[in-house]
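First the structure, in the form of structure tokens, and then the observations on it.
The values are calculated or read from the model by the stated rules, or taken from the named source; none is laboratory data. Just so you know, these numbers come straight off a predicted model, no measurement behind them. Glycine also receives a Cβ, built like all others from the backbone with ideal geometry; neighbour counts cover every protein chain displayed.
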Amino acid sequence: MMKCLRIFLPALLLVSALATVLAESAPKDVCETKNGTSCEECLRNVTCLWCIKTKLCVTYPVRTILPPHSLCPLDDARWGLCWMNFQTLIITLSVVGGVLIIALLVCLFCCCKCENFGSKRFEAKMQKQAKKTKTKQEERRAEMNQRHQEIRQKYGLSGPNPYARFS
């Protein structure tokens, strides 16, 4: 599990850092010049927020994450799409983000689980091979002992040791 997290955590940090840098480097005065125009005209620039109630195009307040109610109520704010209010957009993106995070966690869990399953299978295979090798070795040792006995009998060495009485 730790191997999997080591891969995804730096990637997540890199993406969030990149998003922060890009959000703060946007020009500030571009949106205010489009006040009184249409929603489509305002939202051509991704840093702009359109308020239907006041018909103002303002720079999106990236420091507060959500636009304050004094700037524009969430159900009247438009960002990215004119036909979807900001509140619906936030809910939709939250649900999609939650589903992606859950899917990522499930994938991580499955990958780590499958990795462990594969290693258990590998260990079982190695044990089976070691058992097979040990069995063959015992068979060879038995055959060798039998051959040695046959040679001893052939040359009359199978009886009692003649040098045993000198000790």
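A quick yes/no check of all residues on (1) outside the structural domain of Thr33 (by TED's automatic domain parsing); (2) aliphatic (A, V, I, L, M); (3) under 23 Å from Thr37 (Cα atoms); (4) modelled with pLDDT of 90 or more:
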position	(1), (2), (3), (4)
Leu74	no, yes, yes, no
Glu115	yes, no, no, no
Lys128	yes, no, no, yes
Glu138	yes, no, no, yes
Met144	yes, yes, no, yes
Pro162	yes, no, no, no
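Quick one: is Leu81 modelled with pLDDT under 90, hydrophobic (A, V, I, L, M, F, W, C) and in a loop (DSSP other than H, G, I, E, B)?
On the way: modelled with pLDDT under 90: yes; hydrophobic (A, V, I, L, M, F, W, C): yes; in a loop (DSSP other than H, G, I, E, B): yes.
So Leu81 passes the test.
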Report, ordered by the first and then the second residue, all pairs with beta carbons closer than 6 Å, sequence separation of six or more or different chains, a first member in the range 108-133 that is on the phi < 0 side of the Ramachandran plot, and a second member that is at pLDDT 85 or above and surrounded by 10 or more Cβ atoms within 10 Å (Cβ to Cβ).
none
